[in-house]
Amino acid sequence: MQLDLTGRVAIVTGASRGIGRAIAEALAASGAAVVVNYRGSEAAAAEVVEAITAKGGKALAVQADVADPASHEILLKATTEAFGRVDILVNNAGITRDNLLLRMKESEVDDVLQTNLRGVMLLTKAVLRPMMKNKWGRVITISSVIGLTGNAGQANYAAAKAGLIGFSKSVAQEMASRGITANAICPGFIETDMTRNAMSEELINKALDRIPLARMGQPAEIANAVVFLASDAAGYITGQTLAVDGGMTMY
Amino acid sequence: MSINDQVAIVTGGTGAVGREVVSGLIQRGARVVFCYRQRDDLAEEMCDTIADEQRLIAIKADVRDAEAMNSLVEVAVRRWERLDMLITAHSAVNNAPVADMTLEQWNDVMDVMLRGVTRITRAVLRPMQKARYGRIITITGYQPLAGGLTQANYAAALGGIIGFSKSLAREVAPWGITVNSVAPGLISRPHMSSFDPSYIPWATNIVPLKRLGAPAEITPAIFMLANPEAGYITGQVLPVDGGWRMV
Amino acid sequence: MRGMQDHVAIVTGASRGIGRAIALELASWGVKVVVNYQSSAAKAEAVVAEIQAAGGVAMAIQADVTDQQAVETMVTQTLAEWGTIQILINNAGITRDNLFQRLKDEEWDDVIKADLTSAFLCTQAVLPAMRANSYGRIVSIASLAGLAGNVGQTNYAAAKMGLVGFSKAVAREVTSDGIVVNVVAPGYIDTDFIDHIPQWLRTWALDVIPLKRFGKVEEVAPAVAFLASPAASYIIGHVLTIDGGWVMP
């Protein structure tokens with residue numbers, strides 16, 4: 001199986017920590033050169049690059065705000081200047097502004113849609129052109145099981161993540177003849193700083209009630225699926241939504 | 001448009017959901033032939049309560065018997081000269097951990113749940129095709145969608161019902177016959193006390209509505225799909241699960 | 001896939017088509033493969049020879065997977081030879097297409113037995129060995145026909161969607177033993193099956209599949225191998241469709 005990504009160039013958005021970091025490290029471990037995109041956490045991104053290069057991998061940290069289309073060109077330019085091409089885009093960056101819908105401020109709606117949906121659409125658009133020239137590409141979008149099931153307090157986030165699934169399927173259809181596949185991954189309840197800090201023990205246990213595997217997932221378990229979908233081996237898989245959730249949705 | 005004066009066949013009419021289906025159909029003015037396997041007492045009680053022989057016929061018949069299914073249809077057509085709806089509500093549970101499940105347990109559930117649906121369906125298709133109209137609603141469950149502990153046979157059979165219903169929907173669409181499945185979620189049952197005591201707290205925690213469903217809450221979906229107006233809905237699986245899964 | 005070296009897999013119906021490709025793929029990752037077959041001994045031996053020529057380890061075992069006794073014997077033979085089983089691929093299957101109203105009882109029963117009951121028997125037979133390791137991977141090969149329905153395939157779709165239900169139920173039961181169960185649902189894949197479909201259907205399918213081609217068996221096998229690997233540790237009860245973007249469920 002061609003899980004060897006040597007010669008491939010990947011952009012991973014929001015790669016300075018959590019799931020994005022695990023994805024960047026896994027792609028690099030499989031041989032891809034990785035652009036570690038970050039918005040504010042310069043030091044954390046540098047740490048990821050260091051971790052990758054220490055293992056003999058290739059990586060570069062590039063600051064860009066996915067929500068801001070002007071910075072997409074900077075990201076793309078930095079990528080091609082450093083590595084000459086772009087083959088894999090992992091749309092991972094995302095934010096949350098949780099609130100019950102009745103209390104949700106307009107800015108909380110806008111911020112989440114701006115980054116998680118609009119930003120992803122426009123960045124993908126920008127990256128598709130060089131992929132089309134290569135007649136090869138992989139767009140892997142990190143949605144969420146919340147996009148499949150909804151969640152109280154996350155109407156904005158759920159809308160954006162569900163939107164990403166429709167978006168990914170459309171890209172799959174538009175790009176099928178160009179050798180570019182587009183797939184979405186729906187992580188379930190993943191153990192990151194974000195979940196650890198934001199949730200009480202009780203809340204975590206309640207959430208685990210819904211998971212047949214009865215544990216949180218690890219960022220590396222999402223990264224494994226990304227590497228597979230990014231490989232040559234996954235060439236006939238497109239427009240799919242892969243749930244990596246310990247059986248929470250059995251989607 | 002309504003199902004008033006239309007004719008329905010219901011399998012498993014004495015079951016928890018079956019009873020609600022039968023009485024709901026009668027309330028809406030439909031005429032019903034239902035079959036049941038064992039519960040003479042319940043069948044009798046239903047007939048006594050409804051007390052309208054012009055609208056309700058109970059027949060003791062086993063879905064494992066193809067001939068019996070044919071005669072069920074014959075009775076309906078002979079009596080009322082039409083057949084508009086089929087609702088399969090029969091049920092057979094024979095749970096065991098998959099490691100301990102016998103082939104007999106597997107085959108039994110498969111024969112009643114899946115093969116039973118195909119037998120009665122085979123029987124109703126001819127009059128429906130002749131009339132160029134029909135509504136077939138198969139009751140499946142959450143098990144093929146979400147899995148179910150110690151229910152490998154049941155989940156497989158109910159999954160089979162979904163695959164069958166979708167394929168049949170494609171085959172019989174040209175005759176104006178629609179085929180859909182309703183998938184009840186976690187529903188309270190008469191034998192609930194035999195469940196693991198942790199089950200109800202678990203179920204109420206994970207269902208957004210914070211309670212189990214009642215059998216009578218399954219039927220509105222069935223009647224919606226059985227309505228003449230639902231002619232553009234076919235090949236669907238409609239979960240009725242209090243928002244449990246939302247997938 | 002990393003970490004599969006010396007794992008033992010049983011692939012049912014592995015003498016040709018998708019099963020053969022899965023056997024070859026797993027072997028290329030260092031998995032020792034039982035190439036199960038029912039009647040095509042020569043073809044099964046050819047798969048074994050191909051694996052061995054590439055430096056892999058494989059053996060062919062004849063077993064009718066609808067026969068409980070035969071399945072148990074196959075598992076016993078595997079354990080006697082290699083001592084352990086980590087992977088089961090429920091791939092064996094047949095089609096007996098007919099419109100529902102013309103479908104004969106035996107066409108229904110044969111398909112349910114071969115495509116669904118077989119998975120139950122094989123899964124049950126390998127569970128003790130997997131439980132002993134506190135590790136296992138079971139991947140069942142369903143079909144897009146099961147998810148979406150198909151004219152002339154009420155029996156096949158019932159069996160394949162039944163396989164999905166079965167897999168999800170088992171997935172829930174065995175997660176606590178470290179056993180992961182998933183489903184792969186191929187769309188139109190270029191195999192012997194495809195040779196039998198009418199030209200108009202072929203033309204139509206090629207038009208509606210975004211990738212404008214049928215899949216190759218080599219494009220299904222890696223996904224199966226991925227789900228059969230340690231890397232797929234948090235994917236449970238999932239149905240992965242491989243259809244060139246056709247249905248996108």
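The values are calculated or read from the model by the stated rules, or taken from the named source; none is laboratory data. Remember, predicted model here, so these are calculated numbers, not experimental data. Reconstructed Cβ throughout: ideal geometry from the backbone, glycine too, with neighbour counts over all protein chains shown.
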Among (1) of a type in the set (Gly, Ala, Ser); (2) free of Cβ contacts under 8 Å to residues at least 24 places away in the same chain; (3) more than 15 Å from B:Asn95 (Cα to Cα); (4) within 11 Å of chain C (Cβ to nearest Cβ), B:Ser193 falls short only on (4)
Next on the checklist: Going residue by residue through region C:174-184, is there one that turns out to be under 26 Å from C:Ile94 (Cβ atoms) and part of a loop (DSSP other than H, G, I, E, B)?
Outcome noted: no
Restricting region B:4-14 to residues that are at pLDDT 95 or above and outside any strand (DSSP E or B), the one surrounded by the most Cβ atoms within 10 Å (Cβ to Cβ) turns out to be B:Gly13
Of the residues in region A:209-251 that are touching a strand residue (DSSP E or B) at 6+ places or on another chain (Cβ under 7 Å), at the interface with chain C (Cβ under 7 Å from one of its Cβ atoms) and without any contact (Cβ under 8 Å) to a residue 40 or more places away in the chain, the one that is farthest from A:Val139 (Cα to Cα) is A:Gly217
Practice prompt. Might you check whether a residue that is of a type in the set (A, V, I, L, M), touching a residue at least 40 places away in the same chain (Cβ under 8 Å) and away from chain B (no Cβ under 14 Å) occurs anywhere in region C:207-215?
Written response: no
Going through region B:40-65 in order, the residues found to be of a type in the set (Gly, Ala, Ser) and buried (at least 16 other Cβ atoms within 10 Å of the Cβ) are B:Ala43, B:Ala58, B:Ala61
Log entry, pairs with first residue in region C:39-53 being on the phi < 0 side of the Ramachandran plot, second being buried (at least 16 other Cβ atoms within 10 Å of the Cβ) and assigned to a helix (DSSP H, G or I), beta carbons closer than 6 Å, six or more apart or on different chains, reads C:Val47/C:Arg20; C:Val47/C:Ala23; C:Ile51/C:Ala27
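Results for (1) surrounded by 21 or more Cβ atoms within 10 Å (Cβ to Cβ); (2) more than 10 Å from every other protein chain (Cβ to nearest Cβ); (3) assigned to a strand (DSSP E or B); (4) among the basic types (Lys, Arg), shown as yes or no for each residue.
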position	(1), (2), (3), (4)
C:Gln124	yes, no, no, no
C:Leu127	yes, no, no, no
C:Arg131	no, no, no, yes
C:Leu147	yes, no, no, no
C:Lys160	yes, no, no, yes
Considering only helices (runs of 4 or more DSSP H) wholly within region B:75-193, the ones with at least 1 residues that are β-branched (Val, Ile, Thr) and farther than 28 Å from B:Val207 by Cβ are B:116-131, B:152-172
Here the residues within region C:91-107 that are outside any loop (DSSP other than H, G, I, E, B) and buried (at least 24 other Cβ atoms within 10 Å of the Cβ) are none
*Residue within region B:183-190 that is more than 8 Å from chain C (Cβ to nearest Cβ), modelled with pLDDT of 95 or more and on the phi > 0 side of the Ramachandran plot present*: no
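In region B:120-134, what count of residues is obtained for those that are more than 10 Å from chain C (Cβ to nearest Cβ) and buried (at least 18 other Cβ atoms within 10 Å of the Cβ)? Steps first, answer last, please.
Step one: filter region B:120-134 for residues more than 10 Å from chain C (Cβ to nearest Cβ), giving B:120, B:123-124, B:127-128, B:130-134.
Now narrow it down to the ones that are buried (at least 18 other Cβ atoms within 10 Å of the Cβ): B:120, B:123-124, B:127-128, B:133-134.
Matching residues across region B:120-134 total 7.
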Only one of C:Val170, C:Val164 is in contact (Cβ under 8 Å) with a residue 60 or more places away in the chain and touching a strand residue (DSSP E or B) at 6+ places or on another chain (Cβ under 8 Å), namely C:Val164
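Taking the condition β-branched (Val, Ile, Thr), more than 11 Å from chain C (Cβ to nearest Cβ) and out of contact with any Lys or Arg (no Cβ under 9 Å at 6 or more places or on another chain), does A:Thr195 pass?
Yes; evaluated as a whole, the condition is true for this residue.
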Given the condition of a type outside the set (Val, Ile, Thr) and more than 30 Å from C:Gln124 (Cα to Cα), answer yes or no: does some residue in region B:87-98 qualify?
no
